[in-house]
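For reference, the structure discussed in these notes is given below.
Just so it is clear, none of the values below were taken in a lab; they were calculated from the coordinates. Only a predicted model underlies this, so the values are computations on that prediction, with no experimental measurement involved.
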Amino acid sequence: ETPPTLSSGSSCAEAVAWLSAVLPPFEGRDAALAAFSGVDGAALASMKESEMKRYGLKKWGLRRKLALLIDASAARSEGSSAAPAEAHDSEAPSAGETSEGSAPPPTS
């Protein structure tokens, strides 16, 4: 079976199917997927990492991974060889927030 793909033309159902395929297990995953139910491919492709918190993606590492997967999927669907890394605001973890299994970044 072919895994779902994501493009700016994906419907809300297609976008949620793609998210379901790429998001790893985490506490609150089902609620997060339900929160994304009204988000189509175009909205997901243009979503900033900071906006993902509203949909239940609380860990920075998870939001960052999703942003990179969205960029890669967009590049594949448009036939581009370069992923648009600037499409999402690459936010650093906030104080006390860590990526999956890593220590907080050092402060200067």
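Full extension of the segment from residue 68 to residue 21, taken as 0.36 nm per residue of separation minus the current Cα-Cα distance, would add 15.5 nm. Could you pull out every residue, at least 5 positions away or on a different chain, whose amide H is within less than 5 Å of the one on residue 10? Hs are placed 1.01 Å off N in the peptide plane, and Pro or chain starts have none. Those lying under 5 Å, H to H, from residue 10 are 41, 42. Calculated on the Cα set of segment 1-41, radius of gyration then Dmax: 10.1, 29 Å.
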